[in-house]
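Undergrad: For reference, the structure I am asking about is given below.
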């Protein structure tokens with residue numbers, strides 16, 4: 001069975017989610033500049049860079065950035081907005097030299113896509129291994145509790161005049177949120193993301209030799225708390 005994320009991040013994904021804008025990326029990067037001991041010239045790896053909006057914002061902040069994603073379609077779109085080196089790879093097997101980064105980031109819920117937590121742990125370990133000792137890792141993830149409490153079971157919209165029906169449910173004893181996208185012409189796509197809590201993520205990072213020092217609940221630096229939209233954790237590599 002093909003893993004869902006290998007099929008879904010395509011042109012139809014880009015058409016369905018045109019609102020992924022640069023403004024949110026710039027807000028998050030400003031937060032990182034303010035919260036971390038940021039220096040121009042930092043070598044930064046953007047894992048799950050997608051169409052490149054965070055990579056571009058990181059470069060604008062003075063970073064020497066490398067973008068990495070599994071989707072060839074998204075990397076082609078990223079090439080339109082950044083001159084940074086781009087790598088096509090699976091985050092579970094990163095072709096990046098160990099201890100070569102000042103900062104590695106995984107942003108906008110580009111995580112939690114795998115079937116098992118062993119795979120999630122492996123991916124975090126691979127990302128952490130790219131960071132120099134004392135360097136930083138940042139993950140920006142969904143707030144699992146907020147997702148579960150505000151879930152909209154069904155919605156309907158259009159994409160380029162094509163009807164789109166989206167159904168959402170919590171599955172596997174509350175461990176995953178599943179979104180099924182049905183488009184005109186019988187096309188159907190699946191998103192399935194692990195509902196990892198902040199405490200679970202922090203424990204996994206600790207096992208990957210990252211000690212969390214900073215915690216935020218939104219892109220403006222609000223505290224990590226119930227009802228906040230995001231879980232943003234920043235820690236140092238041992």
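Undergrad: If the requirement is being in a loop (DSSP other than H, G, I, E, B), at pLDDT 95 or above and over 17 Å from residue 193 (Cα atoms), which of these qualifies: 128, 98?
TA: Testing whether each residue is in a loop (DSSP other than H, G, I, E, B), at pLDDT 95 or above and over 17 Å from residue 193 (Cα atoms) leaves just 98.
Undergrad: For residue 30, all conditions in the list (1) part of a helix (DSSP H, G or I); (2) within 23 Å of residue 94 (Cβ to Cβ) hold save one; what is the number of the exception?
TA: All conditions are met except number (2).
Undergrad: Considering only segment 5-27, state which residues are surrounded by 16 or more Cβ atoms within 10 Å (Cβ to Cβ) and in a loop (DSSP other than H, G, I, E, B).
TA: 9, the sole residue that qualifies.
Undergrad: Regarding residue 28, is this residue closer than 17 Å to residue 139 by Cα and touching a strand residue (DSSP E or B) at 6+ places or on another chain (Cβ under 7 Å)?
TA: Working: closer than 17 Å to residue 139 by Cα: yes; touching a strand residue (DSSP E or B) at 6+ places or on another chain (Cβ under 7 Å): yes.
So residue 28 passes the test.
Undergrad: Looking at segment 37-68, which of its residues are touching a residue at least 40 places away in the same chain (Cβ under 8 Å), part of a strand (DSSP E or B) and either within 12 Å of the chain's Cα centre (by Cα) or buried (at least 24 other Cβ atoms within 10 Å of the Cβ) (or both)?
TA: 44, 45, 46, 47
Undergrad: Looking at residue 166 and the list (1) touching a strand residue (DSSP E or B) at 6+ places or on another chain (Cβ under 9 Å); (2) assigned by TED's automatic domain parsing to the domain that holds residue 24, which single condition is not satisfied?
TA: Here residue 166 meets the rest and fails (2).
Undergrad: Being in contact with a strand residue (DSSP E or B) (Cβ under 9 Å, 6 or more places away or on another chain) and farther than 22 Å from residue 7 by Cβ is the filter here; which residues of segment 62-89 pass it?
TA: 63, 64, 65, 66, 82, 84, 85
Undergrad: Has segment 178-185 got at least one residue that is farther than 24 Å from residue 38 by Cα, surrounded by 12 or more Cβ atoms within 10 Å (Cβ to Cβ), within 17 Å of the chain's Cα centre (by Cα) and not assigned by TED's automatic domain parsing to the domain that holds residue 29?
TA: Yes, because at least one residue in segment 178-185 is farther than 24 Å from residue 38 by Cα, surrounded by 12 or more Cβ atoms within 10 Å (Cβ to Cβ), within 17 Å of the chain's Cα centre (by Cα) and not assigned by TED's automatic domain parsing to the domain that holds residue 29.
Undergrad: Right, residue 92: touching a helix residue (DSSP H, G or I) at 6+ places or on another chain (Cβ under 6 Å), closer than 22 Å to residue 4 by Cβ and either part of a helix (DSSP H, G or I) or assigned by TED's automatic domain parsing to the domain that holds residue 230 (or both) or not? Show your work before the answer.
TA: Details: touching a helix residue (DSSP H, G or I) at 6+ places or on another chain (Cβ under 6 Å): yes; closer than 22 Å to residue 4 by Cβ: yes; either part of a helix (DSSP H, G or I) or assigned by TED's automatic domain parsing to the domain that holds residue 230 (or both): yes.
So residue 92 fits the description; yes.
Undergrad: Now a separate question. Among the residues of segment 189-207, count how many are farther than 17 Å from residue 131 by Cβ and in a helix (DSSP H, G or I).
TA: Residues meeting the conditions: 4.
Undergrad: So, in segment 208-237, exactly how many residues are closer than 14 Å to residue 104 by Cβ and in a loop (DSSP other than H, G, I, E, B)?
TA: Total meeting the criteria: 2.
Undergrad: For the subset of segment 158-174 comprising residues that are at pLDDT 95 or above and surrounded by fewer than 13 Cβ atoms within 10 Å (Cβ to Cβ), which member is farthest from residue 121 (Cα to Cα)?
TA: Filtering first and then ranking leaves 169.
Undergrad: Here is a follow-up. Report, by residue number, each residue of segment 14-52 that is touching a helix residue (DSSP H, G or I) at 6+ places or on another chain (Cβ under 6 Å) and within 27 Å of residue 157 (Cα to Cα).
TA: Across segment 14-52, the qualifying residues are 22, 25, 49, 50, 51, 52.
Undergrad: Using beta carbons and a limit of 6 Å, which pairs, at least six apart or on different chains, have the first residue in segment 85-103 and closer than 20 Å to residue 62 by Cα and the second one in a loop (DSSP other than H, G, I, E, B) and modelled with pLDDT of 95 or more?
TA: Note: pairs meeting the criteria are 101/130; 102/42; 103/42.
Undergrad: Now for a different question. So in segment 69-89, with the set limited to residues that are outside any loop (DSSP other than H, G, I, E, B) and in contact with a helix residue (DSSP H, G or I) (Cβ under 9 Å, 6 or more places away or on another chain), which one is surrounded by the most Cβ atoms within 10 Å (Cβ to Cβ)?
TA: Restricting to residues being outside any loop (DSSP other than H, G, I, E, B) and in contact with a helix residue (DSSP H, G or I) (Cβ under 9 Å, 6 or more places away or on another chain), the top hit is 69.
The values are calculated or read from the model by the stated rules, or taken from the named source; none is laboratory data. Model, not experiment: these values are computed from the prediction. A quick note on method: Cβ atoms are made from the backbone with ideal geometry, for glycine too, and the neighbour counts reach across all protein chains shown.
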